[in-house]
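One structure is given here, and the rest of the page talks about it.
The values are calculated or read from the model by the stated rules, or taken from the named source; none is laboratory data. Everything quoted here is computed from the prediction, not taken from an experiment. Quick reminder, even Gly has a Cβ in these numbers, built from the backbone with ideal geometry, and neighbours come from all protein chains shown. Quick note on the areas: whole protein, heavy atoms, side chains included, nothing else; ligands and nucleic acids left out. Shrake-Rupley method; radii C 1.70, N 1.55, O 1.52, S 1.80 Å.
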Amino acid sequence: MAFTIGPSDLPGVQETLLESFEIKLLVNRRHPLSRKETVTIRDLEGEPLYLESSEFYIHHLIRNRCLEAGFTPNIVFETSGFSLCHKMVRENRGISVVVDFVFDDMGNDEMCLIPFSDGEYRWSTCMLTRKDMDAGEDIRLFRNHILNWMEDIKAGKIRR
């Protein structure tokens with residue numbers, strides 16, 4: 001059993017979606033992009049971008065979308081945590097890209113999230129198990145525990 005950001009597209013693996021969140025542009029309310037209801041990847045062109053490092057899914061998603069649109073993103077700093085991205089946006093030093101639950105934890109009135117309108121930008125967590133072998137009772141129990149835990153989060157019985 002493994003957990004990953006999906007989709008994994010691995011052969012011989014059964015993937016169970018746990019949660020999926022929309023990835024949005026994070027901007028300071030003083031930034032000109034904050035006046036837009038939606039943005040496209042082209043709106044990032046030339047903007048100083050604070051982004052998770054290349055070890056993270058969001059980095060590859062945004063970089064690849066920019067390259068597909070015909071430009072290289074102006075990544076001024078790569079970080080291993082969203083907190084620095086939030087700090088730089090709060091200080092209006094650039095823009096970033098985050099998922100809404102991180103914004104809910106770290107955001108403030110000086111910043112806003114703007115959805116992308118030019119395609120799907122999602123961050124999904126998945127549980128992976130092997131297809132070709134019996135998982136065994138321990139794995140089945142743990143898998144069910146995780147799925148029940150996720151249902152309790154969705155139902156508001158427990159918080160993340």
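Just a few scattered comments:
- Answer residue from region 35-62, given it is loosely packed, with under 15 Cβ neighbours inside 10 Å and part of a helix (DSSP H, G or I) and is modelled with the lowest pLDDT among those: HIS60
- Residue among ILE139, ILE158 that is open to solvent by 40 Å² or more (accessible area, probe 1.4 Å), under 30 Å from GLN14 (Cα atoms) and touching a residue at least 60 places away in the same chain (Cβ under 8 Å): ILE139
- Any hit, region 108-124, residues being of a type in the set (Asp, Glu), open to solvent by 40 Å² or more (accessible area, probe 1.4 Å) and under 15 Å from the mean Cα position of the chain (by Cα): yes
- Top-ranked residue in region 63-83 [being assigned to a helix (DSSP H, G or I) and open to solvent by less than 50 Å² (accessible area, probe 1.4 Å); ranked as modelled with the lowest pLDDT]: PHE82
- Hits in region 20-34 - residues which are surrounded by 15 or more Cβ atoms within 10 Å (Cβ to Cβ) and under 16 Å from the mean Cα position of the chain (by Cα): PHE21, ILE23, LYS24, LEU25, LEU26, VAL27
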